[in-house]
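Here is the structure we will look at.
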Amino acid sequence: MDEPYALLSTEDLSGATLPTPQASFSSAELRERNDLRVQGDKELIARLLQVLQSTPDAPIPAAHAPVTVPEQSLLGQWGEVFCKAFNQRDFLEWADQRGLDFNTLKVCNGVLQARLHGQNTPRRFTLADTSGWWAVANPIIFIAQLLDPAELGLAYLGDRVSNTERSLPLDRVLAFHGYPMPANRLQVEVISEELRALGAFPGIDDVGLSRSLIHAELLNQQRDYQQLADALQTMPALDSFMLYKSRLQLTSGSLLARTLADAAQLLKSIVEDTAIDVNGDYFFDHRKQVVCSLPKPGEDVTQMREWLPEVPDVLWRRLLRLAEKARTDIYLDHSVSLAGLLQAYGIERALSNGERATLITRLRQWPITQAPTLYTAARSLDERYIHNQYIALRNDRHTIRKALYAVLRHGRLTGPQGLDRVIAVDPERLPVILEPGRRQLQALVEQVEFVNIRQQEQIDPASHVLLSVASGIGAQGLDGQWKMITAR
């Protein structure tokens, strides 16, 4: 006998037809929830900074680097909603019937991808095919759209896999907050500096873009690439020595350009204020961390003179930090060599004229990483509440449908195997609504007068007490029969 899925079917489970209540929070509750969210975001930022920080010669973090998401952060709260959606009973039953491996589940742009147990080739389930994915996809795909604005794809979250810490890949965490995945060390620096300075994630403008400084940095870096391409184009022939000898003054306003300008001004102030004996041009060697003085033309001296303060002061330590950020030597004209510029942006140097031509083309056509468009709904407490209630209602309707099928199969409408059977409901729906009444009923049954009545009626002490609007208060008797309790 097939299950009567027409009973309480999922086809009418839209947000418009379900009796989902609107969120209603007091001012105190809103403040508490906001404080928890702010604290959770701070914890997430601290973990992000740990992943983003790197040693001078280390590569930038990989896009798949895991980031443990605190439960109280905004992303963590939506992650819990997504986990609940992915573990709704209708979907789990549908996935189990098809033998899907939950370790391979991923949803992206409305498409579910997974491998079947024992198979290596992944299968794709779309909303237009005959697999039935469309019937269980909502609200998984809607929440995935909020969580994954860059459409990178989200894996299954829940108890069916070993991801107990609920970690997400770095690029997904950044995208949720409006950041693109950084392509070089200086982009990582811009994101890290901003998060440290704000202590929070940047806001969103009217068109759904984050107000982060990274967007201006991406444009300015592209201008640096164009300036670099022009300089490479004017070189008569590729020469490794010329890559170090040829220098540029960046005009873009990028982080590198600003850092070089600030460091050059600081170097000049240090030399002038300290009265260092420098007869010719000088620069700061970022590797040796010393000021180097070049011999004047015509001098018999051929070696550079080096200077280091006996007691480093605040200005000197700041110069060291700026030079470390730029990772190139500091000159008074805030210029940078072509080789240094390529190294700063993590671009491999050309070794031949043919490679130079290819590199120039790449630099001129360098794409700007597009920042994801964010949804204001993902920042809404009401939206998260409504989705939690929506999923809870779906779970309860699934439970009721299965229970009604069991009643029909058993053939009796009354008794514990009939409509009087006790079923488990979603903890975030009916139990929350009934909690005030449950507390009042609990206070009643603990009163001495009620305890005496239970003893007189020979009620099982281990039995639960049920209050019914139609028939009053009842409980299980010592003889196993259900009894109504009446006052004497």
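The values are calculated or read from the model by the stated rules, or taken from the named source; none is laboratory data. Please read these numbers as outputs of a predicted model, since none were measured by experiment. Here the Cβ is made from the backbone with ideal geometry for all residues, glycine too, and neighbour counts use every protein chain on show.
One residue is enough: does segment 164-178 have a residue meeting the conditions farther than 25 Å from A377 by Cα, surrounded by fewer than 21 Cβ atoms within 10 Å (Cβ to Cβ) and not aliphatic (A, V, I, L, M)? Checking segment 164-178: at least one residue is farther than 25 Å from A377 by Cα, surrounded by fewer than 21 Cβ atoms within 10 Å (Cβ to Cβ) and not aliphatic (A, V, I, L, M). Of the helices (runs of 4 or more DSSP H) contained entirely in segment 113-210, those carrying at least 2 residues that are outside the structural domain of L255 (by TED's automatic domain parsing) and either within 14 Å of the chain's Cα centre (by Cα) or closer than 21 Å to E80 by Cα (or both) fall at 140-147, 170-176. Tell me whether segment 357-374 contains one or more residues that are within 30 Å of D35 (Cα to Cα) and either in contact with a Ser or Thr (Cβ under 7 Å, 6 or more places away or on another chain) or exposed (fewer than 13 other Cβ atoms within 10 Å of the Cβ) (or both). Taking every residue of segment 357-374 in turn, at least one turns out to be within 30 Å of D35 (Cα to Cα) and either in contact with a Ser or Thr (Cβ under 7 Å, 6 or more places away or on another chain) or exposed (fewer than 13 other Cβ atoms within 10 Å of the Cβ) (or both). Are any of the residues in segment 224-235 acidic (D, E) and exposed (fewer than 15 other Cβ atoms within 10 Å of the Cβ)? Yes: one or more hits. Taken across segment 24-45, residues that are at pLDDT 95 or above, assigned by TED's automatic domain parsing to the domain that holds S131 and among the hydrophobic types (A, V, I, L, M, F, W, C) do occur, with at least one present. Checked against (1) modelled with pLDDT under 90; (2) under 20 Å from H334 (Cα atoms), V311 passes all but condition (2). For segment 221-250, the set of residues classified as of a type in the set (S, T, Y) and either modelled with pLDDT of 95 or more or within 14 Å of L359 (Cα to Cα) (or both) consists of Y225, T234, listed by residue number. Against the list (1) modelled with pLDDT of 90 or more; (2) at positive phi; (3) surrounded by fewer than 16 Cβ atoms within 10 Å (Cβ to Cβ); (4) of a type outside the set (A, V, I, L, M, F, W, C), the condition H334 fails is (3). Scanning segment 427-459 for residues that are surrounded by 15 or more Cβ atoms within 10 Å (Cβ to Cβ), farther than 28 Å from R394 by Cα and either charged (D, E, K, R) or touching a residue at least 60 places away in the same chain (Cβ under 8 Å) (or both) turns up R454, E457. Restricting D129, D96, D101, D159 to those that are surrounded by 15 or more Cβ atoms within 10 Å (Cβ to Cβ) and among the acidic types (D, E) reduces the list to D101.
Annotation note: Cβ proximity below 6 Å between a residue of segment 324-352 that is over 11 Å from R185 (Cβ atoms) and not assigned by TED's automatic domain parsing to the domain that holds A229 and a residue that is among the β-branched types (V, I, T) and in a loop (DSSP other than H, G, I, E, B) (sequence gap 6+ or interchain) occurs for no pair.
Within the option set T20, T10, T55, being modelled with pLDDT under 80 and exposed (fewer than 12 other Cβ atoms within 10 Å of the Cβ) holds for one residue only, T55. Among the residues of segment 211-245, which ones are assigned to a loop (DSSP other than H, G, I, E, B) and over 18 Å from S335 (Cβ atoms)? Residues satisfying the conditions are R211, S212, L213, P236, A237, L238, D239.
For segment 246-276, residues that are surrounded by fewer than 17 Cβ atoms within 10 Å (Cβ to Cβ), within 40 Å of the chain's Cα centre (by Cα) and in a loop (DSSP other than H, G, I, E, B) total 3. Which number in (1) assigned to a helix (DSSP H, G or I); (2) over 49 Å from the mean Cα position of the chain (by Cα) marks the one condition that M484 misses? That leaves (1) as the condition not met.
Does V161 meet the test of being at pLDDT below 95 and among the aliphatic types (A, V, I, L, M)? Yes, satisfied.
Looking at (1) over 20 Å from A377 (Cβ atoms); (2) in a helix (DSSP H, G or I), can you tell me which one F82 breaks? So the condition that F82 fails would be (1).
Residue-level check: of (1) under 30 Å from P431 (Cβ atoms); (2) more than 27 Å from the chain's Cα centre (by Cα); (3) acidic (D, E), D382 misses just (2).
The residue that is surrounded by the most Cβ atoms within 10 Å (Cβ to Cβ), among those in segment 405-416 that are over 16 Å from R89 (Cα atoms) and either at pLDDT 80 or above or among the charged types (D, E, K, R) (or both), is V407.
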